[in-house]
Amino acid sequence: MNGDLIIKNASELVTCSGYKAKRGSEMGELHVIRDGAVVVRRGVIESRGPTREVLSGLDEGDFTIIDAAGKSVLPGFVDSHTHFVFGGYREEEFSWRLQGLSYMEIMRRGGGIASTVAATRAASMDDLVRSGLKRLDSMLSFGVTTVEGKSGYGLDSDTEIRQLEAMAELDSVHPMDVVRTFLGAHAVPVEYEGRGDAYIDHMVKEVLPEVAERNLAAFCDVFCERGVFTVEQSARLLTGAREAGLGLKIHADEIVPFGGAELAAELGTISADHLLHATREGIRAMARAGVIATLLPGTAFSLKQPYADGRSMIDSGCAVALASDLNPGSCYTESIPLIAALSVLHTGLTVEETVTALTINGAAALGRAGTVGSIDPGKKGDLLILEYPSYRFIPYHIGVSAVERVIKDGVVVYDKTLSLAGIPRGITRDPKRK
Ligand code: NIG
Ligand code: FE
């Protein structure tokens, strides 16, 4: 378990090679090596290439060896936008939406985010860590090795910080890497009803400084949307966050066109997320500014909204990332294969672009393209072995995970071949016993 690992004879090694976001036509290049091998030493990728070349002269003695014949090997997925730490659920709200109520109507009636805020304020640190662990386990089984998680269900200093601390704890106990984002401006809490400006002031002057000083978050995010926070309020918060040393993200143009993409470009945020209703000019501005467009097609699916136009974003020269948006309201799923299927069927990305968006571009959206997101020397040994010979099975097996084994820092942390009720593969059961 020291992170010394060799995977060899893979039908293909999908390296997604690169150390920064891929834009436009680069997104279609996966850099696939046939009959590939990868060597991981002490958790870090040492070399990769055709099996014969990589293994020649190497003493395999001390390594854990995996023969991946007939299987595709990829970098671990990076889910760069989730809200996975929360209290309570909103299953009744899902039914209301089926009866015709919109997401924003439910929110205006005091449901939606406010309902999860009440449940999260009531949750202890222990509750948040326990439920978070279960969700991380599930994400890991889908091949996610790095995940971003947002606060935003406290909307008061104590609970926002508790959410961030819970994620720090989860990062230290779970194999997955958890990147924290402060989303104190997710909604205006009841205490500040009708006083959005005062709430932003409170965030900038009282909460952000503590978050920054205690290194509780790498990024600051805001729900910039009609009826939530204006472009001006969002700009004020994000500018304050930048001054405090945080990276910037924005929920932009999710429900209506609102100038979120344009603001992202103006501020040079690392990503702008959702973009279902982003304008053409907003997209072009993002491409010029190098803002990563993070698409969350699970949310469009769950809210029955039109999908973001990923095709024109890539054709305009944008870097596109894909993420789950796992949250208890607008999109309760962590299913990466579902996201991949929606990406190719509804946002206009090719299968190759989808893989790029889930790996190196997801990593870049978290400022981690130098350490994860591709199978390149010097990066973490975060790898996936599929049960199929080709990456094309990822969206094709709709909603069902093609991932057989997940490797984190060179160690196998999830293995589907062992999980079938504990029955070893290849054993024929005595028909009389059942
Ligand atoms: O990304 N849009 C704002 N935030 C989440 C939804 C949060 C919720 O409904 O609880 C989103 O869709
Ligand atoms: Fe979100």
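Odds and ends about this structure:
- The criterion of being within 16 Å of ligand 2 (Cβ to nearest atom) and either under 19 Å from residue 180 (Cβ atoms) or not charged (D, E, K, R) (or both) holds for residue 255.
- Restricting attention to the stretch 133-160, the residues being over 22 Å from residue 407 (Cβ atoms) and more than 16 Å from ligand 1 (Cβ to nearest atom) number 3.
- When 139, 125, 107 are checked against the criterion of being open to solvent by 30 Å² or more (accessible area, probe 1.4 Å) and within 16 Å of ligand 2 (Cβ to nearest atom), 107 stands alone in meeting it.
Conditions tested, residue by residue: (1) touching a Gly at 6+ places or on another chain (Cβ under 9 Å); (2) open to solvent by 20 Å² or more (accessible area, probe 1.4 Å); (3) farther than 29 Å from residue 298 by Cβ; (4) not assigned by TED's automatic domain parsing to the domain that holds residue 148.
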position: 9; (1), (2), (3), (4): yes, yes, yes, yes
position: 14; (1), (2), (3), (4): yes, no, no, yes
position: 32; (1), (2), (3), (4): no, yes, no, yes
position: 65; (1), (2), (3), (4): no, yes, yes, yes
position: 83; (1), (2), (3), (4): yes, no, no, no
position: 93; (1), (2), (3), (4): yes, no, no, no
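- Residues being away from ligand 2 (no atom under 12 Å from the Cβ) and open to solvent by less than 10 Å² (accessible area, probe 1.4 Å) - total across the stretch 320-334: 3
To keep it simple, each residue is scored yes or no on (1) in the same structural domain as residue 292 (by TED's automatic domain parsing); (2) more than 16 Å from ligand 1 (Cβ to nearest atom); (3) under 28 Å from residue 259 (Cβ atoms).
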site: 131; (1), (2), (3): yes, no, no
site: 193; (1), (2), (3): yes, yes, yes
site: 217; (1), (2), (3): yes, yes, yes
site: 231; (1), (2), (3): yes, no, yes
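- Of all residues in the stretch 389-421 being assigned to a loop (DSSP other than H, G, I, E, B), farther than 19 Å from residue 140 by Cβ and open to solvent by 50 Å² or more (accessible area, probe 1.4 Å), the one that is modelled with the lowest pLDDT: 421
- Residue list for the stretch 292-346, restricted to those being within 10 Å of ligand 1 (Cβ to nearest atom) and acidic (Asp, Glu): 325
- Taking the listed residues 212, 252, 278, the one that is modelled with pLDDT of 95 or more, over 27 Å from residue 101 (Cβ atoms) and open to solvent by less than 50 Å² (accessible area, probe 1.4 Å) is 212, with no other qualifying.
- Any hit, the stretch 37-44, residues being free of Cβ contacts under 8 Å to residues at least 40 places away in the same chain, more than 16 Å from ligand 1 (Cβ to nearest atom), buried (at least 16 other Cβ atoms within 10 Å of the Cβ) and not assigned by TED's automatic domain parsing to the domain that holds residue 293: yes
- Scan of the stretch 155-175 for residues that are among the hydrophobic types (A, V, I, L, M, F, W, C) and surrounded by fewer than 21 Cβ atoms within 10 Å (Cβ to Cβ), ordered by number: 161, 168, 173
- Restricting attention to the stretch 231-270, the residues being over 21 Å from residue 297 (Cα atoms), in contact (Cβ under 8 Å) with a residue 60 or more places away in the chain and of a type in the set (A, V, I, L, M) number 1.
- Candidate set from the stretch 143-154 (those that are in a loop (DSSP other than H, G, I, E, B) and either more than 15 Å from ligand 2 (Cβ to nearest atom) or of a type outside the set (Phe, Trp, Tyr) (or both)); member that is surrounded by the fewest Cβ atoms within 10 Å (Cβ to Cβ): 154
- Evaluation of residue 189 against (1) touching a residue at least 60 places away in the same chain (Cβ under 8 Å); (2) closer than 30 Å to residue 408 by Cα (one fails), failing number: (2)
- Restricting the stretch 215-227 to residues that are open to solvent by less than 20 Å² (accessible area, probe 1.4 Å) and of a type in the set (A, V, I, L, M, F, W, C), the residue that is farthest from ligand 2 (Cβ to nearest atom): 216
- The lone exception for residue 117 - which of (1) aliphatic (A, V, I, L, M); (2) farther than 21 Å from residue 223 by Cα; (3) buried (at least 22 other Cβ atoms within 10 Å of the Cβ) it fails: (2)
The values are calculated or read from the model by the stated rules, or taken from the named source; none is laboratory data. These figures come from a predicted structure and were not determined experimentally. All Cβ positions, even for glycine, are placed from backbone atoms using ideal geometry, and neighbour counts span all protein chains on display. Keep in mind that these areas ignore ligands, DNA and RNA; they rest on the heavy atoms of the full protein, side chains included. Shrake-Rupley method; radii C 1.70, N 1.55, O 1.52, S 1.80 Å.
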